[in-house]
Amino acid sequence: MTDAAYTPDDTVVTEADTARADALRGMARNLGISMLGLGILGALWAFGGWLITQSDGMRAFGQLAPGPTLERLWDMIQRGEIWPMSAPSLERVGWGLAIAIAAGVPMGILIGRIGWLRDLCNAPFQLLRMISPLSWMPIAVMAFSTWDGAIIFLIAVAAVWPILFATAAGVRRIDPAWLKVSRNLGAKPVHLLVYVILPAIAQDILTGIRLALGIAWVVLVPAEYLGVSSGLGYAINDARDSLDYARLGATVLVIGVIGYALDTLCMLAIKRFSWLRSDT
Amino acid sequence: MTHHAQFATAKVQGAAEAAVVPVPPTTKGATPMATGAHVQIDGLSHRYRGMAANCLDDISITVPAGQVLALVGRSGCGKSTLLHLISGLMQPAEGGVFIDGNRVQGASPRWVVMFQAPSLFPWMTVAQNAALGLRFARRTAEIPERVPALLEMVGLSAYADRNVQDLSGGQQQRVALARSLATQPDLLLLDEPFSALDAFTRRALQQDVRRIAKELGLTVVLVTHDITEAAIMADRALIMAPDPGRIVTDTMLDPGPERHRDSPAFEAERARLAHLFETTA
Ligand SMILES: Nc1ncnc2c1ncn2[C@@H]1O[C@H](COP(=O)(O)OP(=O)(O)OP(=O)(O)O)[C@@H](O)[C@H]1O
Ligand SMILES: [Mg+2]
C-alpha cells in the first residue's frame, strides 16, 4: 500500500476510477459476447450455405449463403432500395400498433380498475386471444375494401392483446395507497389518470407494446403476401417468384435487422420510463 | 427570498449526514397563518359491511380550533376508521362530522390525512410530490413559491430535485408532511404516521410536527397507540376502548412547558396517561 492510499481525496478518485473502469470492462464484455453470438449465427448460416452447395438437388439455392446474400444486400443499399421496400411495411405496422394501443390501453385500464368488467371480459378475451391472427385473413379481406386496410386490421388484432393484458396487469399492481393519498389530496378522476395511473403503469404499457411489436412484425410478412404490391412481405414473395434467392436472403436479413432495431428502441423507452430502482 | 433559500440550503446540507434534519425556525414569514378548524363529531356510529357489530358506537367529540388531540387505543378499536370518517374518505352509517360548521361530505384540501406509510410517487421528485395537492386544487401558480417554503419548513430544501426513492424513511415522511401542508389545510389528521420509523427519527418528527402545527395554528387529530407519543405531541388525549369502539376517557395533558422527555413534569403526565389507559382501555 502506498502513502497516497491514506489521503482521503486520492482514495476517492481511485475508487471512482476503478468503478468507471469496471463499468467499461463490463460493457466491453457484454459487447464482446453479443458479437460472439452474432458470429456463431453467421457461422451456422455459412455452414448451411455450404451444405446446400454440396447437395445436387439444392444447388439452385446456393445464393442464400452469406456471400451472395450480403453482396446483394450491399447492392440494394447502394441503389437505395431498402427504404422504399421497408417504408410501406413500417407504415402498416405503425397504424396497426397505433390502433392496438388506442384500443388496448383504455380497455386495459378499465379492466384493471373495474372488477365486474374484468370478470365479464375474461373468457371472451382469452378465447379471442388464442385465435391466430392469420386465421382472420379471409374475413379481413372480405370486410375491408383495401388490402392495406385488411393488413392493418390483422396487425391490430394481433397486437392488441399483449398491450391490453399488460396494461390491465399493471393497473392491478398499482398501490391502492397511492390512490387513497391522491383522493385525500383532492384528486379528481382525471387527476388520478394523469398523475397516478398512467405514470405508474407506463412501463407495463411499454412492455406490452414491445411484445405487441414483436408479434406485429411477425404477422406483417404473411399479411403482406395478400394482394399488396409493396412492403417486405411482398418483396419476399416477389424474390421467390423470380427465383432471385440472393435477394430473398437479403430481404430476410433486412426484416431481421429492422425488427431488432425496433425492439431495441422499445427497450430503451422502457428503461427511460421505468421508475423502479433495480438496486433496491 | 433568495437569501432565505440560501440559508436553508446551507443549513440542511450541513446536517444532511445526521439521520434527522432540524427544522429551521424560519417558516412564519413564508407561510401565512392559517386558523385551525373547529371539528364537531355528533353521534357517529359506523359498521363495516358484512359485520355483525358496530365498529364505532355513538361517538361525540368537539375539537376546538388549534388543538392537538390524540386518539389513543389498542389495535382494532376503530381509531383509523374514525379518522377516515372525519376526513370524508368514508361516510358514516349514523351521525355526522362537521368542520367549521359544515358537514363533511368527502375529501377536501382543507383537511388532509397523513398515513402510516408516506406513499410518495416514485416517478416524481421530492418537490413534485410536495406540489401534488396544489396541482389537484388547480393552484399551480402557487407552486414556485409554496413548495420551496414547505421543503424548507420540513428541512429538505437540499433534496428538492432528488427522486423520493433516494430518501430515508424519515425523510420520506417529511416529504409526506410537506405534501399534506401544501394546500394550507386547517386540519391535519395523522394516522400513526411515525410508527414505521426508528426511535430517533420518530422523536425528532414528533417534536417538529407539533411545532409546525402550533406555528401554523392547525387543528390536529393524531391517532396513536403510543402513550409517550400522545404525551409529547397532544394538548388533549381521548382513550378509546374496543367492541364497540367508543371513547372512555377524555383528559387534557399538561406535560410541563418544555415537553421534555426527561423532565419530572413530563414523566408524571405520561405515567398518569398510562395509568388511565391501563384502567379504562
Ligand atoms: N374494511 C373493513 N371491513 C371490515 N372490517 C374492518 C375494515 N377495516 C377495519 N375493520 C374492522 O374494524 C375494526 C377497527 O379497525 P381500525 O382499522 O379502525 O382499527 P385501529 O384502531 O386503527 O387499529 P390499529 O391500531 O391496528 O391500526 C377492527 O375490528 C377491524 O377488524
Ligand atoms: Mg389503524
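This table checks each residue for (1) more than 9 Å from every other protein chain (Cβ to nearest Cβ); (2) within 24 Å of the chain's Cα centre (by Cα); (3) open to solvent by 20 Å² or more (accessible area, probe 1.4 Å); (4) of a type in the set (Phe, Trp, Tyr).
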position: A:Arg183; (1), (2), (3), (4): no, no, yes, no
position: A:Val190; (1), (2), (3), (4): yes, no, yes, no
position: A:Gln203; (1), (2), (3), (4): yes, yes, yes, no
position: A:Leu213; (1), (2), (3), (4): yes, yes, no, no
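So which residues in segment B:106-136 are more than 19 Å from the chain's Cα centre (by Cα) and at pLDDT below 90, if there are any at all?
none
State which residue is most open to solvent (accessible area, probe 1.4 Å) when the search covers only segment A:126-165 and only residues that are closer than 23 Å to A:Leu90 by Cα and polar (S, T, N, Q).
A:Ser145
Residues of segment B:85-95 being buried (at least 20 other Cβ atoms within 10 Å of the Cβ) and near ligand 1 (Cβ under 10 Å from one of its atoms), which ones?
Correct list: B:Leu85 only.
Within segment A:250-280, work out how many residues are within 14 Å of chain B (Cβ to nearest Cβ) and either open to solvent by less than 90 Å² (accessible area, probe 1.4 Å) or under 30 Å from A:Leu70 (Cα atoms) (or both).
Number of matching residues: 4.
Of all residues in segment B:147-188, which are touching a residue at least 60 places away in the same chain (Cβ under 8 Å), within 13 Å of chain A (Cβ to nearest Cβ) and open to solvent by less than 30 Å² (accessible area, probe 1.4 Å)?
Result: B:Ala176, B:Leu177, B:Ser180, B:Leu181, B:Thr183, B:Pro185, B:Leu187, B:Leu188.
Give me the residue from segment B:78-108 that is in a loop (DSSP other than H, G, I, E, B) and of a type in the set (A, V, I, L, M, F, W, C) and, out of that set, farthest from the other protein chains (Cβ to nearest Cβ).
B:Ala93
Do we find that B:Gly36 is at pLDDT 50 or above, open to solvent by less than 30 Å² (accessible area, probe 1.4 Å), away from ligand 1 (no atom under 16 Å from the Cβ) and assigned to a loop (DSSP other than H, G, I, E, B) in this structure? Before the answer, list the steps.
Values: at pLDDT 50 or above: yes; open to solvent by less than 30 Å² (accessible area, probe 1.4 Å): yes; away from ligand 1 (no atom under 16 Å from the Cβ): yes; assigned to a loop (DSSP other than H, G, I, E, B): yes.
Here the answer is yes, as B:Gly36 does meet what is asked.
Which of the residues spanning segment A:187-217 are free of Cβ contacts under 8 Å to residues at least 24 places away in the same chain and part of a helix (DSSP H, G or I)?
Correct list: A:Pro189, A:Val190, A:His191, A:Leu192, A:Val194, A:Tyr195, A:Val196, A:Leu198.
Please state which one of B:Trp123, B:Trp111 is open to solvent by 20 Å² or more (accessible area, probe 1.4 Å), at the interface with chain A (Cβ under 10 Å from one of its Cβ atoms) and over 24 Å from B:Thr224 (Cα atoms).
Selected residue: B:Trp123, the only one of B:Trp123, B:Trp111 that is open to solvent by 20 Å² or more (accessible area, probe 1.4 Å), at the interface with chain A (Cβ under 10 Å from one of its Cβ atoms) and over 24 Å from B:Thr224 (Cα atoms).
Taking the condition of being of a type outside the set (A, V, I, L, M), in a loop (DSSP other than H, G, I, E, B) and more than 13 Å from ligand 2 (Cβ to nearest atom), how many residues in segment B:42-77 meet it? Before the answer, list the steps.
To start, the set of residues in segment B:42-77 that are of a type outside the set (A, V, I, L, M) comprises B:42-43, B:45-50, B:54-55, B:57-58, B:60, B:62, B:64, B:66-67, B:73-77.
Add one more test, that the residue is in a loop (DSSP other than H, G, I, E, B), and what stays is B:47-50, B:54-55, B:64, B:66-67, B:74-77.
Checking which are more than 13 Å from ligand 2 (Cβ to nearest atom) leaves us with B:47-50, B:54, B:64, B:66-67.
The qualifying residues number 8.
Sort out which residues of segment B:193-213 are open to solvent by 20 Å² or more (accessible area, probe 1.4 Å) and either β-branched (Val, Ile, Thr) or within 14 Å of chain A (Cβ to nearest Cβ) (or both), and write them in order of number.
Matches in segment B:193-213: B:Ala196 only.
The values are calculated or read from the model by the stated rules, or taken from the named source; none is laboratory data. Predicted model, so just to flag it, every value in this text is computed and none were measured. Because the Cβ atoms are built from the backbone with ideal geometry, glycine has one as well, and the counts that use them run over all protein chains shown. Only protein heavy atoms, including side chains, enter the accessible area calculation; ligands, DNA and RNA are left aside. Shrake-Rupley method; radii C 1.70, N 1.55, O 1.52, S 1.80 Å.
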